Structures are given as structure tokens and as C-alpha cells.
1. So which residues in the stretch 176-187 are within 9 Å of residue 137 (Cα to Cα) and open to solvent by 50 Å² or more (accessible area, probe 1.4 Å)?
2. Which of the residues belonging to the stretch 18-55 are assigned to a loop (DSSP other than H, G, I, E, B), closer than 25 Å to residue 316 by Cα and either of a type in the set (Ser, Thr, Tyr) or free of Cβ contacts under 8 Å to residues at least 60 places away in the same chain (or both)?
3. Which numbered condition trips up residue 200, out of (1) of a type outside the set (A, V, I, L, M, F, W, C); (2) out of contact with any Phe, Trp or Tyr (no Cβ under 9 Å at 6 or more places or on another chain); (3) within 28 Å of residue 309 (Cα to Cα); (4) touching a residue at least 40 places away in the same chain (Cβ under 8 Å)?
4. Assuming residue 59 fulfils every condition listed in (1) open to solvent by less than 20 Å² (accessible area, probe 1.4 Å); (2) assigned to a loop (DSSP other than H, G, I, E, B) apart from one, which condition is it?
5. Would you please name the residue that is most open to solvent (accessible area, probe 1.4 Å), looking only at residues in the stretch 379-391 that are touching a Phe, Trp or Tyr at 6+ places or on another chain (Cβ under 8 Å) and assigned to a loop (DSSP other than H, G, I, E, B)?
6. Just to be sure before I move on: is residue 76 in the same structural domain as residue 39 (by the TED database) and surrounded by fewer than 15 Cβ atoms within 10 Å (Cβ to Cβ) in the structure I sent?
7. For the stretch 355-371, how many residues meet the condition of being part of a loop (DSSP other than H, G, I, E, B), of a type in the set (Gly, Ala, Ser) and open to solvent by less than 10 Å² (accessible area, probe 1.4 Å)?
8. Residues that are within 21 Å of residue 130 (Cβ to Cβ), among the hydroxyl-bearing types (Ser, Thr, Tyr) and in contact with a Leu (Cβ under 9 Å, 6 or more places away or on another chain): which strands (runs of 3 or more DSSP E) entirely in the stretch 164-244 hold 1 or more of them?
Amino acid sequence: LAGHLIECGAQVTGGIFTDWKTVPDWDHIGFPVVECSANGDFIVTKPKGTGGLINEATVSEQLVYEIGDPAHYFLPDVVCDFTQVQLDEINSGTDEAAVFVTGAKGKPPTSQYKSSATYADGYRSTAVAIIRGPNTKQKGEKTADQIIKRCRRIFKQLNLEDFSRVHVEVLGAEQSYGPMTSLPHGSRESVLWLAVHHHQKKALEFFSKEIAPAGTGMAPGLTGLVGGRPRVSPILRLFSFMYPKKDIEIDISLNGNHVEKFEPQEIPVAEYPKAKEQHVVDEVIVQTGNKSYRLEDLAYTRSGDKGNMCNIGVIARHPAILPYLRQQLTSQAVQKYFSHLFDNPSNASVQRYYVPGIHGMNFVLPESLGGGGVASLRSDPQGKAYGQMLLDFIVKDVPDMDQYLKEIK
């Protein structure tokens, strides 16, 4: 858990924190330090005199960052259980602030290694163009449509196959929000994001040359291409899998000399079921009321990726708020909220896990990143903004929560 919290540097010391306005001095933000005890407890802190912020919330957010089932976090030598982790602030609000972390548990490892491989999957190219004036959404969409139409005509003449994928976004029109957008016609200032995938480099070289003519022959208000003519680059798609440990031989060498052959200890290993929604805690009967809140008022969020999977951690700002979030922020509600972003919406299945120690939940959204990483054509291929987008979720018909929120302040 200590390694998990500090692996992304300043993300645990106030970086990408939900309450970003409260984090001072980004320009010299301090990197984290962990002071570990032999019994597994540890303290998270940062060097004195540095910027950033250490508190229970910043550590909670990083705990749920880029994980699946929080009760079964697989590592080669152990399976970690983060569900009962407790966080206690030390010297809160001072330059010596720290968080005391306890309660991480270890389970026997599995008989498999988490493994990843990459393979070539053709080429990609992304054109980015600024558009200003009225109706930028319609201008951007029509410009993209006509560029693709022109390229397809060229491909047909040259006996080239069609694009494998085409992805169009008009940034500034809130297309990533789908039906929840508050700007259905776009703003007066937008950015066209046109990304394509093809198995032949030659085809995308033609695509690259057909972007600039849009500046003189298509929509008005197209002010320039970001970065100039788009480049063509190879796609290395990620493939992740579990591989039997018994089928891997490990030889250890030092200074060019073979030292020993690693022989795994004869310890019992465990095989855990495929992750499912589980770890149910006692349900609390909640009261109804006439108040509504944006999720940001009631919780912190943090999101990230694992290949083509996105996870969103949600942590209640006060323990008493969690039952209301559990009641309304269900797997089905999150799935509906992001339904337009799944690769195959009809087969999408969001999983929800509880992390009661930090008053949180973790949602796993499989096949929601358009391939993920470099294989994705989207402007957010790693789901970094999904947690921020969920902050606009409305929690309805609840009692007045202000008393709990005042306790935090």
C-alpha cells in the first residue's frame, strides 16, 4: 500500500486533488515520503517547506487510484486488502502535516503473474484545429465529415481499404458528457479533435495532407492547426493477461556472473474468483428529504485506467454521508451516466466495490476508453477526467447535509 500511494509522486501530496483550490504552491509541490514500521503501519508526509497538501482526503483519493477490487489487489508475492485501511491526520494544517496509515492486510499470492504485452495494430493520426464563432459544434462535425469523405474517395481511387476507426470530438461542446451536456450547440470557441486509425501508413499520409485545405475550403472561423500537419504514428496495442508462475524460470546474475536460480518458496497460494461486486456491508436505513447536492459537495473522486478499463473512486466527505451515496450512486446509475462512452453500451457492466475503512466506493468501468492508452483515439484515453465528470452527478431527495460538511471545515 505504501508503494501504491507514492508511485505517482505528487498525486498523494495534493496533485490532481478534487479540492484543487485548497492546494498551495503547485510550482514547488513536495514529493511524498513514507516512514514505515516493521508491523506494516506507516506515515505519509512530505519535506518541510514544500508546496502541496497532505491530509486524509488526498491519501484516500490516491488509495483508490487505478485499482479494481480493493479487497484483492494482486502483486507477485501478496494479494493486498485495502478495504479496512484507517487514516489519521497528524499535525493537521501545519507544514509538518502527515497521515498515519494502518489496517492494510496481506493474503496469500496467486499462482499467476500479472503480465502485459504489446502488439502492432496499424497506424493513427490526430488532427486538432481551433474553431471560433457561432455554431462551432456543427462547423466542427461537418468539417470532420467532409475531410473523411474526401479521404475515402481518394482511398477508393487508389484501392486502399477504408479507415479502421474514425473518432470525432468537438472540445468545448461537451461531447464527452453525451446527453448530459449543458452546451448542446457548442460554445463560441471550440477545438476539433479528429483521430483516425488505418492499417496502412500510406493511407494516413494522404489523410494528413487533406487537413490544411479545410482552412480555405470549408467552415469559417477555423483559425489554425495545433502543431501543424498531423503526424502518422504506429499503434502499439496493450494486451494484459495472467501467466502461470510455474512456467517462468528466473536466473539471477551479478556483474555478468550467474549467482543462483530463483526457486519460489513452498507457500500456499490462493486462487480468487473473478472480481465481482462483493464485500457487502450492513445497509443503513437512510432518511429522505427535500435537498439536492452535486456529488462534489458530498464526496471526493479520483479516476484512472488499466488498459481499456477505467476506475472511479468515490470517498464521502463525512462517514454519515456514505449511506446516501451508496443508495443513489449505484452500479446502474454510474453505468447510465457514462453509457455513451462504453465501447459496447449494450453489454456494459459496471462493478461497485466498498472501501469502508475510508468511507468510500470504487467503480470499475470495463471497455470504456476506446481501446485505452495509445490504442484509443479519444482525447481522454486514460479516463483521467471521468472522476471529475462524475462530480456533476445529482444526489436527490436527501436531508440537509450541511451539518456534516461544517464538521469537515
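The values are calculated or read from the model by the stated rules, or taken from the named source; none is laboratory data. Model, not experiment: these values are computed from the prediction. Neighbour counts run over all protein chains shown; Cβ positions are idealised from the backbone, glycine included. What goes into the accessible areas is simple: the full protein's heavy atoms, side chains included, and nothing from ligands, DNA or RNA. Shrake-Rupley method; radii C 1.70, N 1.55, O 1.52, S 1.80 Å.
1. Kept after step one, since they are within 9 Å of residue 137 (Cα to Cα), are these residues of the stretch 176-187: 184-187.
Across the stretch 176-187, the qualifying residues are 184, 185.
2. Taking the stretch 18-55 as the starting set, the residues that turn out to be assigned to a loop (DSSP other than H, G, I, E, B) are 18-19, 23-25, 30-32, 37-41, 46-50, 52-55.
This time we only want the ones that are closer than 25 Å to residue 316 by Cα, so: 18-19, 23-24, 32, 41, 46, 52-55.
Once the filter is applied, which keeps residues that are assigned to a loop (DSSP other than H, G, I, E, B), closer than 25 Å to residue 316 by Cα and either of a type in the set (Ser, Thr, Tyr) or free of Cβ contacts under 8 Å to residues at least 60 places away in the same chain (or both), the stretch 18-55 yields 18, 23, 24, 32, 46, 52, 53, 54, 55.
3. Evaluating residue 200 over (1) of a type outside the set (A, V, I, L, M, F, W, C); (2) out of contact with any Phe, Trp or Tyr (no Cβ under 9 Å at 6 or more places or on another chain); (3) within 28 Å of residue 309 (Cα to Cα); (4) touching a residue at least 40 places away in the same chain (Cβ under 8 Å) leaves (2) as the failure.
4. (2)
5. Within the stretch 379-391, the first condition is being touching a Phe, Trp or Tyr at 6+ places or on another chain (Cβ under 8 Å), and the residues that meet it are 379-380, 386, 389-390.
Next, from what is left, pick out any that are assigned to a loop (DSSP other than H, G, I, E, B): 379-380.
Values: 379: 50, 380: 35 Å².
Filtering the stretch 379-391 for residues that are touching a Phe, Trp or Tyr at 6+ places or on another chain (Cβ under 8 Å) and assigned to a loop (DSSP other than H, G, I, E, B), the one most open to solvent (accessible area, probe 1.4 Å) comes out as 379.
6. Numbers: in the same structural domain as residue 39 (by the TED database): yes; surrounded by fewer than 15 Cβ atoms within 10 Å (Cβ to Cβ): yes.
For residue 76, the condition - in the same structural domain as residue 39 (by the TED database) and surrounded by fewer than 15 Cβ atoms within 10 Å (Cβ to Cβ) - is met.
7. Filtering the stretch 355-371 down to residues part of a loop (DSSP other than H, G, I, E, B) leaves 359, 366-371.
Now narrow it down to the ones that are of a type in the set (Gly, Ala, Ser): 368, 370-371.
Within this subset, residues satisfying the condition of being open to solvent by less than 10 Å² (accessible area, probe 1.4 Å) are 368.
The total comes to 1.
8. On the way: elements: 165-171, 189-198, 222-225, 232-244.
The qualifying strands (runs of 3 or more DSSP E) are 189-198.
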